Amino acid sequence: MPLYLTDDQAMLQDTARGFMAGEGAIAKELRHWRDKACKDGFGHALWKQFAEMGFTGILIDEAQGGLGLGHVEAGIVLEEIGRNLTPSPFLITAIAFVEAVRGTPHADRWYPGILSGDAVAAVAVDEGAKHRPEAIALRAERSGNGFRLSGRKQFVVQGASADVILVAAQADEGLTLFAVEKGAAGLDVEGVRLADSSIGARLTFDGVEVDADAVVGEVGAGDGALSRLLDAGRTGAAAELVGVGSAAMDMTVGYLKQRKQFGRLIGEFQALQHRAAHLYSEIEIARAATLKAQQLLDEGSPDVEAMVAVAKAKAGRASQLAVQEGVQMHGGIGMTDEYDIGLYMKRDRVLNELFGDPGFQADRLARMKGY
Amino acid sequence: MSESFRQETRAWLEANCPPEMRQPVRDETDYCWGGRNAVFKNEAQRQWLDRMAGRGWTVPDWPSEDGGGGLSPEETKILKQELARIGARNPLYSFGISMLGPALLKYGNEAQKKRFLPEIARGEIRWCQGYSEPNAGSDLASLQTKCEDKGDHWLVNGQKVWTSYADKADWIFCLVRTDPAAPKHRGISFLLFDMASPGVSTKPILLISGYSPFCETFFDDVKVPKDQLVGEVDKGWDVAKYLLGHEREMISGMGLGGQSGALGEALREAVTADPALRADVARFDVDAMAFRAMSERFIDELKAGRAHPAQPSMMKYAGTELNKRRHELVMAAGGSDALEWESERSRKGKSAREWLRTKANSIEGGTSEIQLGIIAKRILDLPGA
Ligand SMILES: Cc1cc2nc3c(=O)[nH]c(=O)nc-3n(C[C@H](O)[C@H](O)[C@H](O)COP(=O)(O)OP(=O)(O)OC[C@H]3O[C@@H](n4cnc5c(N)ncnc54)[C@H](O)[C@@H]3O)c2cc1C
């Protein structure tokens with residue numbers, strides 16, 4: 001498969017680009033909800049529109065009412081989300097959650113709501129400040145014909161608005177995923193606003209009782225579903241980061257062509273030209289790595305994990321470079337809230353942290369390679 | 001001699017630095033800025049300022065007749081070491097001390113020194129810096145704020161931007177154009193005036209950190225007494241540049257970071273489980289500790305008159321880039337805890353807001369690019385630079 005978009009994919013890109021730049025624009029969505037101190041951090045009306053566009057069913061099989069497309073297509077939508085910093089549950093609900101429950105009864109239960117844009121799902125993996133999925137400690141003890149969950153989760157994006165939360169827990173048999181519905185007794189949900197104005201939740205499970213059918217897949221066999229979730233989530237976050245970085249770069253290059261000092265456009269200074277050109281190279285490389293990871297995911301390749309780590313790390317670093325250079329090259333105006341470049345810096349930070357930062361991914365790659 | 005000064009200083013600090021003032025600064029409200037409408041967070045803060053100012057130790061190396069401590073470079077260094085030893089807070093944050101004072105000491109006339117320096121030393125007047133304009137940032141010398149000679153006063157009209165704390169400051173030191181016909185560096189003058197003068201107004205600008213410490217500042221027919229111009233008319237650029245050297249020296253201090261400058265110990269818990277982060281932090285610590293040595297060397301050379309005049313540019317560049325890296329690492333180590341923006345737990349997003357604030361370090365006081373250009377031109381003497 002060539003490592004560029006097919007004609008169909010390019011068409012989807014046009015559609016997503018137009019839609020997101022219009023309906024999902026920064027002034028219309030991010031600033032609007034932020035300035036209203038919205039408790040969800042995103043707009044439900046836009047989520048409905050995502051559904052009407054078919055986006056929410058992008059990874060859901062046609063037989064189940066979705067578009068039956070893959071991670072390349074999901075990434076196309078995510079890149080546009082990144083470009084416009086559009087707040088939405090898309091990455092977590094339509095990508096990570098959908099992938100994790102695929103082929104289980106939970107898919108039948110939740111896919112219809114996701115397809116219609118009524119349901120929001122969240123995934124609860126992290127328990128400390130850093131992403132450490134190998135150290136999940138939330139306990140799942142047998143109780144009656146179900147389980148009792150005890151422990152804590154944090155950085156559960158959209159956890160405060162979710163109808164269902166996928167919780168990674170330790171049962172006696174090993175790692176197990178549970179689908180816990182909103183309002184479960186003993187579950188405390190504290191919504192916390194993050195730097196990018198999205199809402200992450202801290203969850204406390206104080207003996208939350210769930211039925212046996214809350215288990216996703218088999219008890220003790222959660223590793224497979226969790227790694228599908230994380231592969232999809234990381235690849236998706238990489239695509240969104242490519243969008244964040246690209247837009248920050250475009251804004252900055254635009255500014256270099258417009259701002260004058262010393263009687264010249266600042267873009268005439270070679271010191272800035274070379275850095276802009278370097279940034280362009282990094283973003284292009286990150287985009288290639290991300291597309292490769294998406295294609296390998298869609299092919300079900302056994303080599304996918306390493307490329308996912310590479311994509312998430314590389315896209316994270318490239319986007320970080322873009323926002324840092326972006327603020328710096330804007331000078332004073334780049335530090336103002338009124339100007340959008342700082343919003344990209346905040347989003348970049350959160351996405352870099354989500355599902356493991358570049359250092360985590362590099363370390364993971366090293367382990368996979370046996371060093 | 002220096003040993004007895006050290007003992008004496010240590011004893012005085014022991015007796016006079018209130019315990020509260022030996023606690024690390026927690027947030028912005030712990031900074032004391034002085035001024036006509038000074039807000040003291042507590043009695044200890046007021047006491048600490050009064051006692052230090054009483055000895056002239058807010059500005060230990062200024063001459064005593066100007067409100068300073070009259071200390072030698074050696075003694076000044078000892079005092080700083082002793083302050084650091086007990087973790088004492090800076091008694092007074094002041095653009096008057098770090099920027100205007102040195103310029104007045106060099107370029108001010110006797111009357112101006114008498115009038116302004118002691119009140120700067122005591123923290124009675126809070127100053128702001130009116131340099132940048134919308135179209136004069138890096139190219140500062142292209143500034144357009146107009147200043148006309150009206151016989152018995154100056155008349156100022158124009159606009160400044162990014163004026164830090166203009167809304168809280170009592171006075172401004174301001175660059176104005178007195179000769180629009182002259183080449184751009186030659187028609188500039190350095191003016192001091194009261195922010196309460198009729199015709200001065202400010203409009204705060206919100207920063208990405210969510211705070212608004214800086215402003216747009218407007219001058220609409222502001223009358224300024226004739227004796228408030230520093231140095232010679234049309235020769236303000238020399239004063240401006242001299243002041244910038246001191247500003248850059250001050251900003252380079254950002255590179256030092258708290259007590260030791262190194263990060264590793266504070267982040268130990270976060271980094272041990274994360275080999276990549278640990279390596280990044282260790283590399284940072286090497287640079288941070290080396291920078292501390294550079295900073296000590298720079299100050300010693302500066303006080304001995306041995307530093308290259310453009311060396312503050314190198315220090316400002318290195319120190320601010322280092323500080324940005326420090327805060328990137330603090331964010332990385334803090335993980336999703338550090339992303340919280342409003343919670344009490346995160347002290348209302350302290351880490352994230354400070355991290356964002358550091359991004360301005362390499363912009364304010366002249367950008368990193370401008371500093372590198374100065375190094376290339378004035379120190380390396382590169383062709384065409
Ligand atoms: C937090 C903060 C506080 C500040 N406080 C004050 C204050 O109190 N008083 C005051 O007067 N000013 C203040 N400033 C303003 C500051 O001094 C200016 O922002 C700075 O000098 C840059 O000017 P500018 O913003 O116009 O950027 P520009 O000059 O437009 O620069 C834009 C970009 O172009 C680059 N560039 C420009 N020229 C060149 C060149 N020749 N070669 C290579 N690159 C170049 C710059 O480095 C920058 O990356 C403050 C700024 C900030 C962010």
> Top to bottom by accessible area (1.4 Å), largest first, where do B:THR29, B:THR217 land?
Replying inline: B:THR29, B:THR217
> Given a cut-off of 38 Å, what percent of all Cα-Cα pairs of the protein assembly as shown lie beyond it?
Replying inline: 45
> Using modelled amide H (1.01 Å from N, peptide plane; none on Pro or chain starts), what sits under 5 Å from the amide H of B:GLU133, excluding residues fewer than 5 places away?
Replying inline: B:VAL161
> Under a 1.4 Å probe, what is the accessible area of chain B per residue, stated in Å²?
Replying inline: 45
> Relative to the isolated chain, which residues of region B:343-385 have their accessible area cut by 50 Å² or more in the presence of all protein chains (1.4 Å probe, heavy atoms, no ligands or nucleic acids)?
Replying inline: B:ARG345, B:TRP355, B:LYS359, B:ILE363, B:GLU369
>> Taking the full set of protein chains and a 1.4 angstrom probe, give the accessible area of A:ARG142 in square angstrom, rounded to the nearest 10.
In response: 140
> Short version: which residues of region B:197-239 lose at least 40 Å² of accessible area, all chains versus chain alone, 1.4 Å probe?
Replying inline: B:LEU206, B:ILE208
> Where the eigenvalues come from the Cα gyration tensor of chain B, what are the semi-axes √(5λ) of the equivalent ellipsoid, largest first, in whole Å?
Replying inline: 34, 26, 22
> At a 1.4 Å probe, which residues in region A:126-160 are at least 40 Å² less accessible with all protein chains present than in their chain isolated?
Replying inline: A:ALA129, A:LYS130, A:ARG132
> What are the semi-axes of the equivalent ellipsoid for region B:239-379, taken as the square roots of 5 times the Cα gyration tensor eigenvalues, largest first, in whole Å?
Replying inline: 31, 17, 12
> With all protein chains present, how much of the accessible area of region B:239-379 (probe radius 1.4 Å) comes from carbon and sulfur, to the nearest whole percent?
Replying inline: 55
>> Only helices at least 27 Å long along their own axis, judged from Cα atoms, and with Kyte-Doolittle mean hydropathy of -0.5 or greater: name those in chain B from DSSP H.
In response: B:275-303
> Using alpha-carbon positions, what is the distance between the centroids of region A:1-26 and region A:296-324, in Å?
Replying inline: 19
> Applying the Karplus parametrisation 6.51 cos²θ - 1.76 cosθ + 1.60 with θ = phi - 60° to the phi angles of region A:94-103, what ³J(HN,Hα) value in whole Hz is obtained for each residue in order, glycine and proline being reported as x?
Replying inline: 7, 10, 5, 5, 4, 5, 5, 9, 3, x
> Out of region A:203-260, which trypsin sites (Lys or Arg not before Pro) are coil in DSSP terms and have no more than 13 other C-beta atoms within 10 Å?
Replying inline: A:LYS257
> Over region A:223-368, what relative contact order in percent results from Cα pairs under 8 Å that are six or more residues apart?
Replying inline: 33
>> Could you tell me the relative contact order of region B:278-371? Use alpha-carbon pairs under 8 Å, at least six residues apart, and round to a whole percent.
In response: 27
> How large is ³J(HN,Hα) for each residue in region A:17-24, as worked out from phi by the Karplus curve 6.51 cos²θ - 1.76 cosθ + 1.60 (θ = phi - 60°), to whole Hz, x for Gly and Pro?
Replying inline: 5, x, 4, 5, 5, x, 6, x
> Which entries in the list A:LYS260/B:LYS359; B:LYS316/B:LYS377; A:LYS260/A:LYS346; A:LYS257/B:LYS241 go over 25 Å, if you measure between the two C-alpha atoms of each?
Replying inline: A:LYS260/A:LYS346; A:LYS257/B:LYS241
> Once amide H atoms are placed 1.01 Å from N in the peptide plane, what residues at a sequence separation of 5 or more from A:GLN261, or on another chain, have their amide H within under 5 Å of its amide H?
Replying inline: A:ILE266
> Looking at region B:68-150, which trypsin sites (Lys or Arg not before Pro) are DSSP coil and have at most 16 other C-beta atoms within 10 Å of their C-beta?
Replying inline: B:LYS150
> Suppose every K and R has +1 on its Cβ and every D and E has -1 on its Cβ; what is the size of the dipole of region B:226-385 about the Cα centre, in Debye to the nearest 20?
Replying inline: 60
>> Computing the accessible area with a 1.4 Å probe over protein heavy atoms, can you report the carbon and sulfur percentage for chain A?
In response: 52
> Using alpha carbon centroids, what distance separates region B:1-71 and region B:77-113, in Å?
Replying inline: 11
>> I'd like the Kirkwood hydrodynamic radius of region B:127-234, using the inverse of the mean 1/r over distinct C-alpha pairs, in Å.
In response: 13.8
>> For chain A, take every pair of Cα atoms, bin their distances at 10 Å starting from 0, and report each bin as a whole percent.
In response: 5, 25, 34, 24, 9, 3, 1, 0
>> Which trypsin sites (Lys or Arg not before Pro) in region A:19-115 sit in a loop by DSSP (not H, G, I, E or B) and have at most 14 other Cβ atoms within 10 Å of their own Cβ?
In response: A:LYS36, A:LYS39
>> Please report the carbon-and-sulfur percent of the accessible area for region B:127-234; probe 1.4 Å, protein heavy atoms only, DNA, RNA and ligands left out.
In response: 50
> Per residue of A:32-39, what is the mean number of Cβ atoms on other protein chains within 10 angstrom of that residue's Cβ?
Replying inline: 0
> Where only protein heavy atoms count, and the probe is 1.4 Å, what is the accessible area per residue for chain A in Å²?
Replying inline: 37
> Non-local amide H neighbours of A:ASP357 (under 5 Å, H modeled in plane, Pro and chain starts lacking H): which ones?
Replying inline: A:HIS131
> Can you give the helix-only mean residue ellipticity at 222 nm for the protein assembly as shown, where every DSSP H stretch with n ≥ 4 adds -39500 (n - 2.57) and the sum goes over all residues, rounded to the nearest 500 deg cm²/dmol?
Replying inline: -14000 deg cm²/dmol
>> Take the residue pairs A:LYS153/A:LYS312; B:LYS106/B:LYS168; B:LYS146/B:LYS184; B:LYS106/B:LYS160 and return only those whose Cα atoms are more than 20 Å apart.
In response: A:LYS153/A:LYS312; B:LYS106/B:LYS168; B:LYS106/B:LYS160
> Taking both sides together, what accessible area is buried at the B/A interface, probe 1.4 Å, expressed in Å² and rounded to the nearest 100?
Replying inline: 3400
> Hey, what did region B:2-121 get for relative contact order, percent, Cα under 8 Å, at least 6 apart?
Replying inline: 29
> Under the definition of partner shielding as Cβ atoms of other protein chains within 10 Å of a residue Cβ, what is the mean value for peptide B:275-287?
Replying inline: 2
>> Where in chain B is the longest stretch that carries no GluC sites (Glu not before Pro) classed as loop by DSSP and with at most 11 other Cβ atoms within 10 Å?
In response: B:1-264
>> Could you put A:MET307, B:MET289, A:MET335 in order of accessible surface area, largest first, with the 1.4 Å probe and the full protein assembly present?
In response: B:MET289, A:MET307, A:MET335
>> Using the Karplus curve 6.51 cos²θ - 1.76 cosθ + 1.60 with θ = phi - 60°, what ³J(HN,Hα) values do you get for each residue of region B:344-349, in whole Hz, with x for Gly and Pro?
In response: 5, 3, 8, 6, 6, x
>> Using only Cα atoms and rounding to the nearest 10 degrees, what angle (0 to 90) does helix A:270-299 make with the longest principal axis of chain A?
In response: 30
>> Can you tell me the orientation of helix A:341-353 relative to chain A, as the angle in degrees between its alpha-carbon axis and the longest Cα principal axis, to the nearest 10?
In response: 40
> Where does helix A:105-116 land angle-wise versus the long Cα axis of chain A, in degrees 0 to 90, nearest 10?
Replying inline: 40
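The values are calculated or read from the model by the stated rules, or taken from the named source; none is laboratory data. Quick caveat, the model's predicted, so the values are computed rather than measured. Note that we place each Cβ from the backbone using ideal geometry, even for glycine, and neighbour counts take in every protein chain shown. For the accessible areas, the whole protein counts, side chains as well, though only heavy atoms, and no ligand, DNA or RNA atoms are used. Shrake-Rupley method; radii C 1.70, N 1.55, O 1.52, S 1.80 Å.
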